[in-house]
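First the structure, in the form of structure tokens, and then the observations on it.
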10 protein chains.
Amino acid sequence: MLYHVRMDVRLPVDLDPAVRAEIIAREKAYSQKLQREGKWPQLWRIAGEYANFSILDVEDHDELHTLLSGLPLFPYMEIKVTPLAAHPSKIAG
Amino acid sequence: MLYHVRMDVRLPVDLDPAVRAEIIAREKAYSQKLQREGKWPQLWRIAGEYANFSILDVEDHDELHTLLSGLPLFPYMEIKVTPLAAHPSKIAG
Amino acid sequence: MLYHVRMDVRLPVDLDPAVRAEIIAREKAYSQKLQREGKWPQLWRIAGEYANFSILDVEDHDELHTLLSGLPLFPYMEIKVTPLAAHPSKIAG
Amino acid sequence: MLYHVRMDVRLPVDLDPAVRAEIIAREKAYSQKLQREGKWPQLWRIAGEYANFSILDVEDHDELHTLLSGLPLFPYMEIKVTPLAAHPSKIAG
Amino acid sequence: MLYHVRMDVRLPVDLDPAVRAEIIAREKAYSQKLQREGKWPQLWRIAGEYANFSILDVEDHDELHTLLSGLPLFPYMEIKVTPLAAHPSKIAG
Amino acid sequence: MLYHVRMDVRLPVDLDPAVRAEIIAREKAYSQKLQREGKWPQLWRIAGEYANFSILDVEDHDELHTLLSGLPLFPYMEIKVTPLAAHPSKIAG
Amino acid sequence: MLYHVRMDVRLPVDLDPAVRAEIIAREKAYSQKLQREGKWPQLWRIAGEYANFSILDVEDHDELHTLLSGLPLFPYMEIKVTPLAAHPSKIAG
Amino acid sequence: MLYHVRMDVRLPVDLDPAVRAEIIAREKAYSQKLQREGKWPQLWRIAGEYANFSILDVEDHDELHTLLSGLPLFPYMEIKVTPLAAHPSKIAG
Amino acid sequence: MLYHVRMDVRLPVDLDPAVRAEIIAREKAYSQKLQREGKWPQLWRIAGEYANFSILDVEDHDELHTLLSGLPLFPYMEIKVTPLAAHPSKIAG
Amino acid sequence: MLYHVRMDVRLPVDLDPAVRAEIIAREKAYSQKLQREGKWPQLWRIAGEYANFSILDVEDHDELHTLLSGLPLFPYMEIKVTPLAAHPSKIAG
């Protein structure tokens, strides 16, 4: 099932640079593992902002919450989830 | 170039049903033509709302505006455009 | 799967009383059929407002959208859907 | 009497992990005691957010406030209460 | 139990003056009956607006909703209810 | 003259408990003195929130500001004032 | 006593031009009478908007509401009142 | 002096097409006259919306308001004005 | 030229009292100098808030920005500027 | 391609003055380099605020994001991007 997710990152400006780099590296690895598993099929940067629009494709709400709350950046993010249904004008493809 | 677009449709409740059906049929044909041309690669219904999230893939801002303002439902919609950049964690695929 | 839904009804004040009564009667029948089928397990009036909080229990986002967009009052409502996950502190029962 | 409550938790990101774990453990015990007493009949996680929707069933506004302001996480939460009335379309059950 | 209520009236500017006068007269009689019964102990005009702050004192959420939704102006109002608890600094009197 | 006031308290979560207790004790004494003088005739806790709705009855805007800005919690509060006029439907009493 | 007032005018675009002109003429006369009486000492147009910022100087909240609700444009306006106190840095003059 | 202006057009969907075309033609002529006079040096369409960002260069607030309130579309627009000052990092050119 | 300015002061609650007093003293002197020069003709406290409404009368946007950004409290304030035009109903005086 | 950008700067009030001066100097150099390259053709201070409106002229969304996220003040800014299309009433020039 598809979910549209907006994530806004709010890292404290005085965060230790090494800590920051380590969190971001873990976030990248975590995200790429989910992408390779097909659970995070779309990921775009919102131009000009430290934020992204993502599409997640998971079994149900519980799996979605488990994946999102496991993000290394989760404590630093504002997240907004929108469930997506099929659109009647969408062509196959 | 990719654009994230949210469209909210506000059709008047007292619109003549035949007029309404005709506009919606034209909207569907218009949307599907753009999908077949590869300019509207993603289209999802926001569950529970008369609204969609779309991804458009066009040459530039002018082509985007031309396509959106040509939508048969354009006079009845609230539209919000967000330009999308590549995300550094996105894997190829 | 559980969805939290807020519905706000905006019926035009000059709607023909017979039309209004007929829509509301159909809405009630529609809602009660879904309640009997176990798909609309919770339904509360928000005190002082022509609005409700509901819990829907359906297969997926598509079924949710089909049910909500089929509501006789759908053209007159503002609807906001929130997907619900299990809470780690919830006791069985 | 039923109350709909939304709770958003804002724990400081630099909170001592032991303090954090202790607060969350007390919160869980406090919540589960109220659930066993029938005063907190519904509790759902809002998918993707450190937040919940709850239904509380208490005697009156004073008991509600006493219970909510006694939550170990109360100093870290934004809370919004909505009183719930019976809905005329609700079937018995 | 006490409820704080804000009511904003939105009468259509083209409403027939006789209809308007009749609704307002019925509203006044309805409100004064509840005031005499002790169920609407406070009623203030918000200076400069067609709106009021009210305190209602009723048995429970259901009675509150019944009284508010029975207001002759109910279809023309936006209403916001806030449940009031005792304040620990309030002196007797 | 009557003023409707909403006060939201935002005490820092890491405030020294003794300092906090002392401020709150002074706030209570300050509030109760004004209540005894008849200048703060109504004071309610907003259920579930560290906030109150108050009615103040003072000579004029200057006295109102002097009283509010003298609150021991003033530096920690967000305050919103609304002037109240007589309502034409209010019965004597 | 001084009140800061923002008034936003929302005249229907299809209002009969003669009716419109008559309302605006009455509004102007009403406003100028209050200005000559010293009750409306300041009146500015918000550049680019059909709106104004005003300072009213009246006895109390009741007189303020009587004057504002008597404005010929009152049914077409959104009004926001803010009570003004003396500022400690204001010089005499 | 420079002013940043955002204009959002809200033409009624049932406006007579001939009236609509006539207003838009007058708007275009009006705008182009001001552009030729150097008073409206920048004008951009906000992609996907019936709205624009403009820069106006006029003598003072009064001239700005006269020009904007004279727009044929003024009764159908929401307008927001922001005064622009020189930026200390701007290079000559 | 006249500008309407709203200033909201957000001094950190843990600011050193001597530093705080010194900033406020400088702010007062700065403001009173501008008042004596006729550049800050109106200054009101918003009742109940650490905020003011001001009218500034300066040459142009650049002078306005220079004066406002030079306020000793500028780093601690949220400021909103609105340019004021002459109102057609304003009487001379 | 043209982008409208609003940037609001939120520097911590307790930032070390030397660090602050160094960041601002780098920001200025960075901005002026882009201005000289023709990629940042317009830059205005929003009067009274530590904020600017800018027009950027770059190849695509990716270049835009690279330039903006490289700003020395980027970690301290809230940024909002709006893509600009040609306006049908714009005259050549």
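Side notes on the structure shown:
- Options E:TYR76, E:TYR3, E:TYR50; residue that is at pLDDT 95 or above, hydroxyl-bearing (Ser, Thr, Tyr) and over 22 Å from F:LEU2 (Cα atoms): E:TYR76
- Unmet requirement for C:PRO72, which otherwise passes all of (1) more than 7 Å from every other protein chain (Cβ to nearest Cβ); (2) under 20 Å from D:LEU84 (Cβ atoms); (3) not acidic (Asp, Glu): (2)
- Filtered by the rule that a residue be over 17 Å from E:TYR76 (Cβ atoms), touching an Asp or Glu at 6+ places or on another chain (Cβ under 9 Å) and not in a loop (DSSP other than H, G, I, E, B), segment E:1-35 gives E:LEU2, E:TYR3.
- Out of D:LEU34, D:LEU71, D:LEU11, D:LEU56, sole residue that is at pLDDT 95 or above, closer than 24 Å to E:GLU63 by Cα and not charged (D, E, K, R): D:LEU56
- Filtered by the rule that a residue be more than 30 Å from E:PRO72 (Cβ to Cβ), open to solvent by 20 Å² or more (accessible area, probe 1.4 Å), free of Cβ contacts under 8 Å to residues at least 40 places away in the same chain and outside any strand (DSSP E or B), segment C:36-82 gives C:ARG36, C:GLU37, C:GLY38, C:LYS39, C:PRO41, C:ASP62, C:GLU63, C:HIS65, C:THR66, C:LEU67, C:SER69.
- Of all residues in segment J:1-35, those being more than 14 Å from chain H (Cβ to nearest Cβ), closer than 30 Å to B:PRO83 by Cβ and surrounded by 15 or more Cβ atoms within 10 Å (Cβ to Cβ) number 1.
- Qualifying position, being facing another protein chain (nearest Cβ under 7 Å) and touching a strand residue (DSSP E or B) at 6+ places or on another chain (Cβ under 6 Å), among A:ALA47, A:ALA51: A:ALA47
The values are calculated or read from the model by the stated rules, or taken from the named source; none is laboratory data. Given the structure is predicted, the values throughout are model-derived calculations rather than measurements. As a convention, Cβ positions derive from the backbone with ideal geometry for all residues, glycine included, and neighbour counts pool all protein chains shown. Ligands, DNA and RNA are excluded from the accessible area calculation, which covers all protein heavy atoms including side chains. Shrake-Rupley method; radii C 1.70, N 1.55, O 1.52, S 1.80 Å.
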